[in-house]
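Please read the structure below before turning to the comments.
The values are calculated or read from the model by the stated rules, or taken from the named source; none is laboratory data. Because the structure is predicted, anything quoted here is derived from the model rather than measured. Reconstructed Cβ throughout: ideal geometry from the backbone, glycine too, with neighbour counts over all protein chains shown.
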Amino acid sequence: MRDSSEWHPTAFRTHTIGQIVSNGAELIGEQVSVAGYAETVRGRGAIAFIMLRDGTGHIQAFLKKDNMDDDTFIAVQSASRESTLQVTGNVAQKRPPKVAEGEPTPPPEYEINVTGANILSSAETPLPVGIIDDVNVGLDIRLDNRHLDVRRTHVNAMFQLRSRVLQYGRDYLISEGFQEINSPKIIASASEGGTNLFPMMYFDTPAFLSQSPQLYKQLAVLGGLERVFEIGPAFRAEKHDTYRHLNEFISFDIEGAWMNDEDVMGVQERMIHHIWSEIADNDQHLIDVVNEYRVSQGQEPVTVEVPELPFPRIPYCDAIEIVQKGGGEIEWGEDIESHHCDIIAAQYPGFHFLPRWPMSMKPFYIFHDEDETGSTGGQLSRGFDLNYGRDEMTSGGQREHRVDVLEQNLRNMGLEPADFTFYTDGFRYGAPPHAGWGLGVARLLMILTGAGNVREVVLFPRDRNRVTP
RNA sequence: GCCCUGAUGGUGUAGUGGCCUAUCAUGAAGCCCUGUCGAGGCUUCGACCCGGGUUCAAAUCCCGGUCGGGGCGCCA
(Lines give C-alpha, C1' and ligand atoms only; values in the text may rest on other atoms or scores of the structure.)
Protein backbone atom coordinates (compact mmCIF):
# COMPACT_ATOMS: atom_id res chain seq x y z
CA MET A 1 0.00 0.00 0.00
CA ARG A 2 1.00 3.59 -0.50
CA ASP A 3 2.78 5.46 2.26
CA SER A 4 0.39 8.29 3.03
CA SER A 5 2.02 9.53 6.22
CA GLU A 6 2.65 12.97 4.68
CA TRP A 7 -0.65 13.35 2.85
CA HIS A 8 -2.84 16.33 3.66
CA PRO A 9 -6.49 16.07 4.67
CA THR A 10 -8.96 16.57 1.84
CA ALA A 11 -12.56 17.71 1.55
CA PHE A 12 -13.64 14.12 2.11
CA ARG A 13 -11.46 12.93 4.97
CA THR A 14 -9.41 14.07 7.91
CA HIS A 15 -7.09 11.07 7.63
CA THR A 16 -6.16 8.42 5.13
CA ILE A 17 -6.89 4.90 6.23
CA GLY A 18 -3.17 4.22 6.09
CA GLN A 19 -2.52 7.00 8.59
CA ILE A 20 -4.92 5.46 11.08
CA VAL A 21 -3.62 1.95 10.54
CA SER A 22 -0.01 2.96 11.14
CA ASN A 23 -0.65 5.58 13.78
CA GLY A 24 -3.74 4.24 15.53
CA ALA A 25 -2.34 4.18 19.05
CA GLU A 26 -1.96 7.97 19.06
CA LEU A 27 -5.39 8.52 17.57
CA ILE A 28 -7.45 6.47 19.99
CA GLY A 29 -10.52 8.41 21.05
CA GLU A 30 -10.02 11.03 18.36
CA GLN A 31 -12.82 11.77 15.93
CA VAL A 32 -11.84 11.14 12.32
CA SER A 33 -13.48 11.01 8.93
CA VAL A 34 -12.31 8.57 6.29
CA ALA A 35 -13.55 7.63 2.86
CA GLY A 36 -13.19 4.44 0.91
CA TYR A 37 -14.69 1.49 -0.89
CA ALA A 38 -16.83 -0.91 1.15
CA GLU A 39 -14.93 -4.13 0.57
CA THR A 40 -17.26 -6.23 2.70
CA VAL A 41 -20.45 -5.40 4.55
CA ARG A 42 -21.30 -7.84 7.32
CA GLY A 43 -24.02 -7.96 9.92
CA ARG A 44 -27.78 -7.77 9.57
CA GLY A 45 -28.80 -7.22 13.15
CA ALA A 46 -28.19 -4.22 15.34
CA ILE A 47 -24.51 -4.06 14.45
CA ALA A 48 -22.57 -4.02 11.22
CA PHE A 49 -18.96 -4.30 10.13
CA ILE A 50 -17.70 -2.53 7.06
CA MET A 51 -14.24 -3.23 5.74
CA LEU A 52 -13.25 0.06 4.17
CA ARG A 53 -10.45 0.36 1.66
CA ASP A 54 -8.78 3.41 0.20
CA GLY A 55 -5.53 3.57 -1.74
CA THR A 56 -3.52 3.51 1.47
CA GLY A 57 -4.95 0.67 3.51
CA HIS A 58 -7.90 -1.19 5.00
CA ILE A 59 -9.74 -0.47 8.20
CA GLN A 60 -12.85 -1.86 9.82
CA ALA A 61 -15.70 0.50 10.54
CA PHE A 62 -17.93 -0.70 13.35
CA LEU A 63 -21.55 0.40 13.37
CA LYS A 64 -23.96 0.12 16.26
CA LYS A 65 -27.54 1.04 15.58
CA ASP A 66 -27.72 3.00 18.84
CA ASN A 67 -24.86 5.27 17.83
CA MET A 68 -26.52 6.93 14.83
CA ASP A 69 -29.87 7.64 13.30
CA ASP A 70 -31.78 4.68 11.92
CA ASP A 71 -31.76 5.77 8.28
CA THR A 72 -28.00 6.06 8.22
CA PHE A 73 -27.56 2.71 9.88
CA ILE A 74 -29.89 0.92 7.50
CA ALA A 75 -28.40 2.59 4.44
CA VAL A 76 -24.86 1.62 5.35
CA GLN A 77 -25.80 -1.85 6.49
CA SER A 78 -27.48 -2.56 3.17
CA ALA A 79 -24.77 -0.94 1.03
CA SER A 80 -23.46 -3.11 -1.77
CA ARG A 81 -19.82 -4.15 -1.93
CA GLU A 82 -17.50 -1.57 -3.52
CA SER A 83 -19.89 1.29 -2.85
CA THR A 84 -17.95 4.35 -1.74
CA LEU A 85 -18.58 5.59 1.78
CA GLN A 86 -17.53 8.42 3.98
CA VAL A 87 -17.66 7.61 7.66
CA THR A 88 -17.05 9.69 10.78
CA GLY A 89 -16.33 8.23 14.17
CA ASN A 90 -13.84 7.64 16.91
CA VAL A 91 -10.68 5.62 16.56
CA ALA A 92 -10.64 2.65 18.90
CA GLN A 93 -8.48 -0.39 19.40
CA LYS A 94 -10.10 -3.39 17.82
CA ARG A 95 -11.12 -6.30 20.00
CA PRO A 96 -8.59 -9.02 19.30
CA PRO A 97 -9.94 -11.87 17.18
CA LYS A 98 -10.32 -15.32 18.60
CA VAL A 99 -7.16 -17.24 17.94
CA ALA A 100 -6.66 -20.95 18.13
CA GLU A 101 -4.93 -22.39 21.20
CA GLY A 102 -1.19 -21.82 21.01
CA GLU A 103 -1.40 -19.28 18.18
CA PRO A 104 0.38 -15.98 18.84
CA THR A 105 -1.76 -12.95 19.63
CA PRO A 106 -1.74 -10.61 16.64
CA PRO A 107 -0.46 -7.03 17.01
CA PRO A 108 -3.07 -4.44 18.00
CA GLU A 109 -5.33 -3.20 15.23
CA TYR A 110 -7.59 -0.18 15.08
CA GLU A 111 -11.09 0.47 13.94
CA ILE A 112 -13.54 3.31 13.71
CA ASN A 113 -16.62 3.40 15.94
CA VAL A 114 -18.94 5.09 13.51
CA THR A 115 -21.27 7.87 14.57
CA GLY A 116 -22.13 9.22 11.15
CA ALA A 117 -21.87 7.94 7.61
CA ASN A 118 -22.61 8.96 4.08
CA ILE A 119 -22.86 6.82 0.98
CA LEU A 120 -20.96 8.69 -1.70
CA SER A 121 -21.81 6.31 -4.53
CA SER A 122 -23.65 3.00 -4.58
CA ALA A 123 -22.12 0.12 -6.51
CA GLU A 124 -24.39 -1.80 -8.83
CA THR A 125 -24.70 -5.53 -8.23
CA PRO A 126 -23.46 -7.98 -9.05
CA LEU A 127 -19.92 -6.80 -9.72
CA PRO A 128 -18.70 -7.88 -13.17
CA VAL A 129 -15.54 -9.19 -11.54
CA GLY A 130 -14.93 -9.77 -7.86
CA ILE A 131 -12.37 -7.62 -6.06
CA ILE A 132 -11.55 -10.00 -3.23
CA ASP A 133 -13.33 -13.12 -4.47
CA ASP A 134 -11.33 -16.27 -4.48
CA VAL A 135 -11.98 -17.01 -8.14
CA ASN A 136 -9.50 -16.72 -10.91
CA VAL A 137 -10.62 -14.31 -13.65
CA GLY A 138 -9.47 -14.51 -17.25
CA LEU A 139 -7.28 -11.69 -18.57
CA ASP A 140 -9.71 -10.67 -21.26
CA ILE A 141 -12.60 -10.23 -18.79
CA ARG A 142 -10.26 -8.38 -16.46
CA LEU A 143 -9.21 -5.97 -19.19
CA ASP A 144 -12.82 -5.35 -20.15
CA ASN A 145 -13.33 -4.33 -16.52
CA ARG A 146 -9.92 -2.84 -15.85
CA HIS A 147 -11.43 -0.11 -13.64
CA LEU A 148 -12.41 -2.86 -11.20
CA ASP A 149 -9.45 -5.12 -11.84
CA VAL A 150 -7.05 -2.42 -10.70
CA ARG A 151 -8.82 -2.33 -7.35
CA ARG A 152 -7.42 -5.77 -6.64
CA THR A 153 -4.48 -5.41 -4.30
CA HIS A 154 -1.89 -7.22 -6.35
CA VAL A 155 -2.87 -5.50 -9.58
CA ASN A 156 -2.73 -2.16 -7.82
CA ALA A 157 0.72 -3.09 -6.51
CA MET A 158 1.94 -3.94 -10.00
CA PHE A 159 1.02 -0.49 -11.24
CA GLN A 160 2.69 1.13 -8.27
CA LEU A 161 5.78 -0.85 -9.19
CA ARG A 162 5.49 0.39 -12.75
CA SER A 163 5.46 3.96 -11.51
CA ARG A 164 8.51 3.25 -9.35
CA VAL A 165 10.45 1.75 -12.23
CA LEU A 166 9.83 4.86 -14.31
CA GLN A 167 10.71 7.11 -11.40
CA TYR A 168 14.00 5.35 -10.59
CA GLY A 169 14.97 5.14 -14.24
CA ARG A 170 14.26 8.81 -14.72
CA ASP A 171 16.17 9.73 -11.54
CA TYR A 172 19.14 7.73 -12.67
CA LEU A 173 19.39 9.20 -16.14
CA ILE A 174 19.06 12.72 -14.77
CA SER A 175 21.96 11.92 -12.43
CA GLU A 176 24.07 11.14 -15.50
CA GLY A 177 23.11 14.43 -17.11
CA PHE A 178 20.30 13.32 -19.39
CA GLN A 179 17.41 15.72 -19.89
CA GLU A 180 13.84 14.72 -20.61
CA ILE A 181 12.37 15.62 -23.98
CA ASN A 182 9.11 15.02 -25.84
CA SER A 183 9.12 14.25 -29.52
CA PRO A 184 6.15 14.43 -31.89
CA LYS A 185 3.88 11.42 -32.22
CA ILE A 186 2.32 12.65 -35.44
CA ILE A 187 4.84 12.35 -38.21
CA ALA A 188 4.93 12.71 -41.97
CA SER A 189 7.07 9.72 -42.91
CA ALA A 190 8.34 6.45 -41.58
CA SER A 191 11.07 6.82 -38.96
CA GLU A 192 12.81 3.59 -39.69
CA GLY A 193 11.13 1.81 -42.53
CA GLY A 194 10.30 -1.81 -41.99
CA THR A 195 7.38 -1.87 -39.60
CA ASN A 196 3.92 -0.78 -40.62
CA LEU A 197 2.63 2.55 -39.40
CA PHE A 198 -0.88 3.59 -38.52
CA PRO A 199 -1.97 6.11 -41.13
CA MET A 200 -4.02 9.14 -40.15
CA MET A 201 -5.10 12.44 -41.61
CA TYR A 202 -3.40 15.56 -40.34
CA PHE A 203 -5.95 18.07 -41.58
CA ASP A 204 -5.58 17.58 -45.34
CA THR A 205 -2.20 15.90 -45.21
CA PRO A 206 -1.67 12.17 -44.86
CA ALA A 207 0.42 11.45 -41.77
CA PHE A 208 1.30 8.58 -39.42
CA LEU A 209 1.52 7.77 -35.75
CA SER A 210 5.15 7.58 -34.72
CA GLN A 211 6.70 4.14 -34.43
CA SER A 212 9.71 5.42 -32.50
CA PRO A 213 11.24 8.68 -31.29
CA GLN A 214 14.47 7.55 -32.92
CA LEU A 215 15.08 10.22 -35.52
CA TYR A 216 13.83 13.04 -33.31
CA LYS A 217 15.94 12.20 -30.31
CA GLN A 218 18.93 12.13 -32.65
CA LEU A 219 18.01 15.55 -33.99
CA ALA A 220 17.80 16.76 -30.38
CA VAL A 221 21.34 15.56 -29.76
CA LEU A 222 22.60 16.97 -33.07
CA GLY A 223 21.01 20.21 -31.94
CA GLY A 224 23.24 20.32 -28.90
CA LEU A 225 21.00 18.96 -26.14
CA GLU A 226 23.91 16.60 -25.45
CA ARG A 227 22.11 13.83 -23.51
CA VAL A 228 18.37 13.28 -23.81
CA PHE A 229 15.76 10.74 -22.82
CA GLU A 230 12.10 10.28 -23.53
CA ILE A 231 9.43 8.07 -22.02
CA GLY A 232 6.63 8.03 -24.52
CA PRO A 233 4.30 6.00 -26.69
CA ALA A 234 5.23 4.25 -29.91
CA PHE A 235 2.72 2.82 -32.35
CA ARG A 236 3.21 -0.15 -34.61
CA ALA A 237 0.61 -1.53 -36.99
CA GLU A 238 1.93 -5.07 -36.87
CA LYS A 239 -0.58 -7.88 -36.59
CA HIS A 240 1.38 -9.72 -33.98
CA ASP A 241 -0.35 -11.60 -31.23
CA THR A 242 2.02 -12.60 -28.44
CA TYR A 243 2.54 -12.10 -24.74
CA ARG A 244 5.20 -9.45 -25.41
CA HIS A 245 3.82 -7.26 -28.19
CA LEU A 246 1.33 -4.42 -28.20
CA ASN A 247 0.41 -2.01 -30.95
CA GLU A 248 0.85 0.92 -28.60
CA PHE A 249 3.62 0.68 -26.04
CA ILE A 250 5.73 2.94 -23.88
CA SER A 251 9.30 3.16 -25.00
CA PHE A 252 12.04 4.37 -22.69
CA ASP A 253 14.58 5.97 -25.00
CA ILE A 254 17.91 7.69 -24.57
CA GLU A 255 20.40 9.30 -26.92
CA GLY A 256 23.78 10.79 -25.98
CA ALA A 257 26.43 12.77 -27.84
CA TRP A 258 30.10 11.71 -27.98
CA MET A 259 29.18 8.16 -27.08
CA ASN A 260 29.44 4.81 -28.79
CA ASP A 261 27.50 1.56 -28.37
CA GLU A 262 29.64 0.43 -25.43
CA ASP A 263 29.10 3.77 -23.67
CA VAL A 264 25.31 3.56 -23.82
CA MET A 265 25.30 -0.10 -22.83
CA GLY A 266 27.07 1.15 -19.72
CA VAL A 267 24.37 3.74 -19.13
CA GLN A 268 21.74 1.08 -19.54
CA GLU A 269 23.19 -1.50 -17.21
CA ARG A 270 23.85 1.13 -14.56
CA MET A 271 20.28 2.37 -14.89
CA ILE A 272 18.79 -1.10 -14.60
CA HIS A 273 21.06 -1.84 -11.67
CA HIS A 274 19.86 1.36 -10.01
CA ILE A 275 16.18 0.52 -10.63
CA TRP A 276 16.56 -2.98 -9.21
CA SER A 277 18.53 -1.73 -6.18
CA GLU A 278 15.96 0.94 -5.38
CA ILE A 279 13.06 -1.48 -5.73
CA ALA A 280 14.83 -3.94 -3.44
CA ASP A 281 15.49 -1.18 -0.88
CA ASN A 282 12.16 0.62 -0.96
CA ASP A 283 9.42 -1.45 -2.51
CA GLN A 284 9.73 -5.00 -1.29
CA HIS A 285 6.27 -4.62 0.29
CA LEU A 286 4.79 -4.25 -3.20
CA ILE A 287 6.62 -7.35 -4.38
CA ASP A 288 5.27 -9.13 -1.29
CA VAL A 289 1.71 -8.22 -2.26
CA VAL A 290 2.27 -9.58 -5.75
CA ASN A 291 3.79 -12.73 -4.31
CA GLU A 292 0.94 -13.27 -1.89
CA TYR A 293 -1.35 -13.45 -4.87
CA ARG A 294 1.04 -15.56 -6.92
CA VAL A 295 1.35 -18.12 -4.13
CA SER A 296 -2.44 -18.26 -3.74
CA GLN A 297 -2.61 -19.15 -7.43
CA GLY A 298 0.05 -21.82 -7.11
CA GLN A 299 2.72 -19.73 -8.87
CA GLU A 300 6.32 -19.31 -7.78
CA PRO A 301 6.99 -16.09 -5.89
CA VAL A 302 9.23 -13.57 -7.64
CA THR A 303 12.43 -12.26 -6.08
CA VAL A 304 14.16 -8.97 -6.82
CA GLU A 305 17.67 -10.06 -7.70
CA VAL A 306 19.87 -7.02 -8.22
CA PRO A 307 21.92 -7.94 -11.30
CA GLU A 308 25.71 -7.85 -11.16
CA LEU A 309 27.63 -5.33 -13.24
CA PRO A 310 28.74 -5.47 -15.92
CA PHE A 311 26.10 -7.52 -17.77
CA PRO A 312 27.59 -10.22 -19.98
CA ARG A 313 28.36 -9.17 -23.57
CA ILE A 314 27.80 -11.90 -26.14
CA PRO A 315 28.74 -10.55 -29.56
CA TYR A 316 26.52 -11.72 -32.39
CA CYS A 317 29.23 -13.98 -33.81
CA ASP A 318 29.59 -15.74 -30.45
CA ALA A 319 25.84 -15.99 -30.07
CA ILE A 320 25.61 -17.78 -33.42
CA GLU A 321 28.20 -20.29 -32.20
CA ILE A 322 26.33 -20.85 -28.94
CA VAL A 323 23.11 -21.50 -30.83
CA GLN A 324 24.80 -23.84 -33.28
CA LYS A 325 26.53 -25.78 -30.50
CA GLY A 326 23.21 -25.94 -28.66
CA GLY A 327 21.63 -27.69 -31.61
CA GLY A 328 19.91 -24.66 -33.14
CA GLU A 329 19.84 -24.20 -36.89
CA ILE A 330 21.20 -20.77 -37.71
CA GLU A 331 23.69 -19.25 -40.12
CA TRP A 332 25.69 -16.05 -39.82
CA GLY A 333 23.51 -13.24 -41.13
CA GLU A 334 20.24 -14.72 -39.91
CA ASP A 335 18.15 -13.29 -37.15
CA ILE A 336 18.40 -14.80 -33.68
CA GLU A 337 14.85 -16.00 -33.18
CA SER A 338 12.97 -16.79 -29.99
CA HIS A 339 13.87 -20.47 -29.98
CA HIS A 340 17.52 -19.50 -30.50
CA CYS A 341 17.27 -17.14 -27.55
CA ASP A 342 16.13 -20.09 -25.44
CA ILE A 343 19.47 -21.76 -26.14
CA ILE A 344 21.44 -18.63 -25.24
CA ALA A 345 19.28 -18.01 -22.16
CA ALA A 346 20.15 -21.48 -20.86
CA GLN A 347 23.72 -20.16 -20.45
CA TYR A 348 22.83 -16.55 -19.66
CA PRO A 349 19.52 -16.56 -17.82
CA GLY A 350 19.62 -12.92 -16.70
CA PHE A 351 20.30 -9.65 -18.49
CA HIS A 352 22.82 -9.93 -21.31
CA PHE A 353 23.84 -7.73 -24.22
CA LEU A 354 24.12 -8.99 -27.76
CA PRO A 355 26.40 -6.44 -29.50
CA ARG A 356 27.89 -6.26 -33.01
CA TRP A 357 25.07 -7.45 -35.25
CA PRO A 358 25.58 -7.73 -38.99
CA MET A 359 24.98 -4.36 -40.62
CA SER A 360 22.61 -6.00 -43.09
CA MET A 361 20.16 -6.67 -40.26
CA LYS A 362 20.23 -3.23 -38.72
CA PRO A 363 18.42 -0.04 -39.69
CA PHE A 364 20.04 2.64 -41.85
CA TYR A 365 20.89 4.93 -38.94
CA ILE A 366 23.17 2.39 -37.21
CA PHE A 367 26.91 3.06 -37.38
CA HIS A 368 29.39 0.65 -38.89
CA ASP A 369 33.14 0.62 -39.08
CA GLU A 370 34.36 -0.73 -42.44
CA ASP A 371 37.24 -2.49 -40.67
CA GLU A 372 34.96 -4.55 -38.46
CA THR A 373 33.77 -7.75 -40.07
CA GLY A 374 32.31 -10.93 -38.68
CA SER A 375 33.52 -14.52 -38.61
CA THR A 376 32.39 -15.06 -42.21
CA GLY A 377 33.63 -11.71 -43.43
CA GLY A 378 30.30 -9.87 -43.36
CA GLN A 379 30.11 -6.25 -42.32
CA LEU A 380 29.43 -5.76 -38.61
CA SER A 381 27.50 -2.89 -37.09
CA ARG A 382 27.58 -1.09 -33.78
CA GLY A 383 24.02 -2.14 -33.03
CA PHE A 384 23.15 -4.19 -29.95
CA ASP A 385 20.23 -5.80 -28.15
CA LEU A 386 19.66 -6.32 -24.47
CA ASN A 387 17.91 -9.57 -23.65
CA TYR A 388 16.61 -11.03 -20.43
CA GLY A 389 16.24 -14.75 -20.78
CA ARG A 390 14.55 -15.28 -24.11
CA ASP A 391 13.02 -11.83 -24.29
CA GLU A 392 14.39 -8.79 -26.03
CA MET A 393 14.25 -5.71 -23.85
CA THR A 394 16.20 -3.18 -25.82
CA SER A 395 17.56 -2.37 -29.18
CA GLY A 396 20.26 0.26 -29.48
CA GLY A 397 23.55 1.23 -30.95
CA GLN A 398 25.97 3.85 -32.05
CA ARG A 399 24.39 5.99 -34.77
CA GLU A 400 25.75 6.89 -38.17
CA HIS A 401 26.80 10.53 -38.04
CA ARG A 402 28.44 10.75 -41.50
CA VAL A 403 25.75 12.11 -43.78
CA ASP A 404 27.15 10.58 -46.96
CA VAL A 405 27.18 7.11 -45.38
CA LEU A 406 23.71 7.72 -44.00
CA GLU A 407 22.35 8.48 -47.45
CA GLN A 408 24.08 5.46 -48.91
CA ASN A 409 22.58 3.28 -46.15
CA LEU A 410 19.13 4.60 -47.02
CA ARG A 411 19.61 3.72 -50.67
CA ASN A 412 20.99 0.28 -49.74
CA MET A 413 17.84 -0.44 -47.79
CA GLY A 414 15.54 0.64 -50.56
CA LEU A 415 14.61 3.98 -49.03
CA GLU A 416 14.74 7.33 -50.77
CA PRO A 417 17.09 9.89 -49.13
CA ALA A 418 14.92 12.72 -50.46
CA ASP A 419 12.13 11.53 -48.11
CA PHE A 420 14.40 11.94 -45.11
CA THR A 421 15.83 15.40 -45.60
CA PHE A 422 14.15 16.57 -42.37
CA TYR A 423 16.48 14.09 -40.74
CA THR A 424 19.62 14.02 -42.90
CA ASP A 425 19.80 17.82 -42.98
CA GLY A 426 20.48 17.65 -39.27
CA PHE A 427 23.83 16.04 -40.07
CA ARG A 428 25.08 18.57 -42.63
CA TYR A 429 26.39 21.21 -40.26
CA GLY A 430 28.62 19.29 -37.90
CA ALA A 431 27.38 16.15 -36.19
CA PRO A 432 28.70 14.62 -32.97
CA PRO A 433 29.16 10.86 -32.93
CA HIS A 434 26.32 9.62 -30.75
CA ALA A 435 24.52 6.52 -29.53
CA GLY A 436 21.35 5.49 -27.76
CA TRP A 437 18.77 2.82 -27.12
CA GLY A 438 15.06 2.17 -26.67
CA LEU A 439 13.77 -0.02 -23.87
CA GLY A 440 10.32 -1.61 -23.62
CA VAL A 441 8.96 -0.53 -20.25
CA ALA A 442 6.32 -3.26 -20.02
CA ARG A 443 8.88 -5.95 -20.81
CA LEU A 444 11.04 -4.75 -17.96
CA LEU A 445 8.00 -4.84 -15.69
CA MET A 446 7.28 -8.41 -16.72
CA ILE A 447 10.63 -9.45 -15.26
CA LEU A 448 10.12 -7.56 -12.03
CA THR A 449 6.54 -8.64 -11.37
CA GLY A 450 6.65 -12.09 -12.91
CA ALA A 451 3.78 -11.14 -15.22
CA GLY A 452 3.50 -13.61 -18.06
CA ASN A 453 1.99 -11.05 -20.39
CA VAL A 454 2.76 -7.39 -21.08
CA ARG A 455 -0.96 -6.69 -20.91
CA GLU A 456 -0.80 -7.34 -17.17
CA VAL A 457 1.42 -4.31 -16.63
CA VAL A 458 -0.21 -1.92 -19.11
CA LEU A 459 -3.30 -0.18 -17.80
CA PHE A 460 -5.31 -0.13 -21.02
CA PRO A 461 -3.40 -2.22 -23.53
CA ARG A 462 -3.91 -1.81 -27.25
CA ASP A 463 -3.52 -4.97 -29.23
CA ARG A 464 -4.74 -6.19 -32.54
CA ASN A 465 -8.19 -7.02 -31.15
CA ARG A 466 -8.57 -4.41 -28.45
CA VAL A 467 -9.08 -0.67 -28.70
CA THR A 468 -11.39 -0.33 -25.69
CA PRO A 469 -11.59 0.52 -22.91
C1' G B 1 -0.25 -13.93 -42.00
C1' C B 2 0.66 -19.29 -40.45
C1' C B 3 -0.01 -23.66 -36.96
C1' C B 4 -2.56 -25.59 -32.61
C1' U B 5 -6.56 -24.97 -29.21
C1' G B 6 -10.93 -23.30 -26.76
C1' A B 7 -16.16 -20.78 -25.74
C1' U B 8 -21.37 -23.74 -19.84
C1' G B 9 -24.96 -18.73 -14.54
C1' G B 10 -22.08 -11.94 -13.09
C1' U B 11 -17.04 -14.61 -12.28
C1' G B 12 -14.18 -19.34 -12.35
C1' U B 13 -15.40 -24.35 -13.44
C1' A B 14 -17.56 -30.09 -13.87
C1' G B 15 -19.78 -32.42 -17.70
C1' U B 16 -17.27 -36.46 -24.84
C1' G B 17 -24.70 -38.40 -27.78
C1' G B 18 -30.03 -40.17 -23.67
C1' C B 19 -28.29 -40.68 -16.56
C1' C B 20 -28.46 -32.70 -17.67
C1' U B 21 -35.63 -28.87 -16.50
C1' A B 22 -26.73 -29.34 -16.18
C1' U B 23 -21.90 -29.93 -11.09
C1' C B 24 -19.18 -27.23 -7.63
C1' A B 25 -17.16 -22.69 -5.92
C1' U B 26 -17.70 -17.59 -5.87
C1' G B 27 -21.58 -13.97 -6.36
C1' A B 28 -26.55 -11.75 -5.84
C1' A B 29 -31.45 -11.51 -3.09
C1' G B 30 -33.50 -12.74 1.58
C1' C B 31 -33.79 -14.93 6.53
C1' C B 32 -31.34 -16.60 11.23
C1' C B 33 -27.27 -15.85 14.50
C1' U B 34 -23.19 -12.86 15.79
C1' G B 35 -17.96 -7.78 18.22
C1' U B 36 -17.75 -10.25 13.25
C1' C B 37 -12.79 -10.63 11.31
C1' G B 38 -11.27 -15.98 5.27
C1' A B 39 -17.44 -15.20 10.06
C1' G B 40 -21.15 -19.19 10.26
C1' G B 41 -26.09 -21.55 9.11
C1' C B 42 -30.56 -21.88 5.90
C1' U B 43 -33.59 -20.58 1.44
C1' U B 44 -33.87 -18.62 -3.32
C1' C B 45 -31.85 -16.60 -8.14
C1' G B 46 -28.83 -17.15 -12.28
C1' A B 47 -25.65 -20.43 -17.82
C1' C B 48 -24.64 -24.52 -22.49
C1' C B 49 -21.21 -17.96 -27.94
C1' C B 50 -24.14 -17.11 -32.85
C1' G B 51 -26.14 -19.46 -37.39
C1' G B 52 -26.84 -23.90 -40.10
C1' G B 53 -26.54 -29.38 -40.36
C1' U B 54 -26.46 -34.89 -38.67
C1' U B 55 -29.61 -37.82 -35.21
C1' C B 56 -35.45 -40.73 -32.52
C1' A B 57 -32.23 -37.74 -29.21
C1' A B 58 -26.90 -32.52 -29.26
C1' A B 59 -23.74 -28.64 -23.92
C1' U B 60 -21.53 -33.05 -26.29
C1' C B 61 -20.77 -34.77 -33.43
C1' C B 62 -20.09 -31.82 -38.40
C1' C B 63 -19.79 -26.94 -41.23
C1' G B 64 -19.54 -21.55 -41.19
C1' G B 65 -19.08 -17.08 -38.22
C1' U B 66 -17.60 -14.22 -33.91
C1' C B 67 -14.54 -13.87 -29.81
C1' G B 68 -10.66 -15.90 -26.64
C1' G B 69 -6.02 -18.79 -25.34
C1' G B 70 -1.06 -20.95 -26.77
C1' G B 71 3.01 -21.02 -30.33
C1' C B 72 5.60 -18.81 -34.68
C1' G B 73 6.93 -14.70 -37.66
C1' C B 74 8.20 -9.33 -36.57
C1' C B 75 9.92 -6.39 -32.94
C1' A B 76 10.57 -2.98 -27.73
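A few remarks follow.
- The conditions of being in a helix (DSSP H, G or I), within 11 Å of RNA strand B (Cβ to nearest atom) and touching a strand residue (DSSP E or B) at 6+ places or on another chain (Cβ under 6 Å) are not met by A:Arg455.
- A:Arg411 vs. criteria more than 14 Å from RNA strand B (Cβ to nearest atom), among the charged types (D, E, K, R), on the phi < 0 side of the Ramachandran plot and touching a helix residue (DSSP H, G or I) at 6+ places or on another chain (Cβ under 7 Å): yes
- Any hit, segment A:390-407, residues being at positive phi, in contact with a strand residue (DSSP E or B) (Cβ under 7 Å, 6 or more places away or on another chain), crowded, with 21+ Cβ neighbours inside 10 Å and assigned by TED's automatic domain parsing to the domain that holds A:Gly266: yes
- Failed condition for A:Thr14, given (1) modelled with pLDDT of 95 or more; (2) under 30 Å from the mean Cα position of the chain (by Cα): (2)
Matching residues to (1) in a loop (DSSP other than H, G, I, E, B); (2) near RNA strand B (Cβ under 8 Å from one of its atoms); (3) closer than 18 Å to A:Pro461 by Cα:
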residue	(1), (2), (3)
A:Glu124	yes, no, no
A:Pro128	yes, yes, no
A:Asp134	yes, yes, no
A:Ile141	no, yes, yes
A:Val155	no, no, yes
A:Gln160	no, no, yes
A:Gly169	no, no, no
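- A:Phe353 vs. criteria crowded, with 20+ Cβ neighbours inside 10 Å, among the hydrophobic types (A, V, I, L, M, F, W, C) and in a strand (DSSP E or B): yes
- Qualifying residue in segment A:262-270 (condition: over 30 Å from A:Asp369 (Cα atoms), in contact (Cβ under 8 Å) with a residue 60 or more places away in the chain and surrounded by 15 or more Cβ atoms within 10 Å (Cβ to Cβ)): no
- Of the residues making up segment A:102-117, those that are more than 9 Å from RNA strand B (Cβ to nearest atom) and either among the acidic types (Asp, Glu) or modelled with pLDDT under 75 (or both) are A:Gly102, A:Glu103, A:Pro104, A:Thr105.
- Applying the criterion of being loosely packed, with under 15 Cβ neighbours inside 10 Å and either of a type outside the set (Ser, Thr, Tyr) or closer than 12 Å to A:Ile272 by Cα (or both) to the residues of segment A:162-180, the residue that is farthest from the chain's Cα centre (by Cα) is A:Gly177.
- A Cβ distance below 8 Å, combined with a sequence gap of six or more or placement on separate chains, defines the contacts here; from segment A:324-346, residues that are assigned by TED's automatic domain parsing to the domain that holds A:Thr376 reach residues that are of a type in the set (S, T, N, Q) and not in a helix (DSSP H, G or I) in the pairs A:Trp332/A:Ser375; A:Trp332/A:Thr376; A:Gly333/A:Thr376; A:Cys341/A:Asn387; A:Ile344/A:Asn387; A:Ala345/A:Asn387.
- In segment A:354-371, the residues that are away from RNA strand B (no atom under 12 Å from the Cβ) and in contact with an Asp or Glu (Cβ under 7 Å, 6 or more places away or on another chain): A:Pro355, A:Phe367
- Criterion (among the hydrophobic types (A, V, I, L, M, F, W, C) and within 13 Å of RNA strand B (Cβ to nearest atom)) met by exactly one of A:Ala345, A:Ala280, A:Ala319: A:Ala345
- Within segment A:18-116, strands (runs of 3 or more DSSP E) holding 2 or more residues that are of a type in the set (Val, Ile, Thr): A:31-42, A:47-54, A:84-93
- Total residues in segment A:257-305, condition over 21 Å from A:Ser175 (Cβ atoms) and of a type in the set (Phe, Trp, Tyr): 1
- Tally, over segment A:31-65, of residues that are at pLDDT 95 or above and loosely packed, with under 14 Cβ neighbours inside 10 Å: 0
- Scan of segment A:274-288 for residues that are more than 17 Å from A:Met446 (Cβ to Cβ) and in contact with a helix residue (DSSP H, G or I) (Cβ under 9 Å, 6 or more places away or on another chain), ordered by number: A:His274, A:Ser277, A:Glu278, A:Ala280, A:Asn282, A:His285, A:Asp288
- Being touching a Leu at 6+ places or on another chain (Cβ under 8 Å), crowded, with 18+ Cβ neighbours inside 10 Å, not assigned by TED's automatic domain parsing to the domain that holds A:Gln214 and not hydrophobic (A, V, I, L, M, F, W, C) holds for only one residue in A:Asp385, A:Asp463, and it is A:Asp463.
- Extreme residue, farthest from RNA strand B (Cβ to nearest atom), among residues of segment A:231-260 that are crowded, with 22+ Cβ neighbours inside 10 Å and of a type in the set (Asp, Glu): A:Glu255
- Restricting segment A:291-348 to residues that are more than 26 Å from the chain's Cα centre (by Cα) and of a type in the set (Gly, Ala, Ser) leaves a set whose member that is modelled with the highest pLDDT is A:Ala319.
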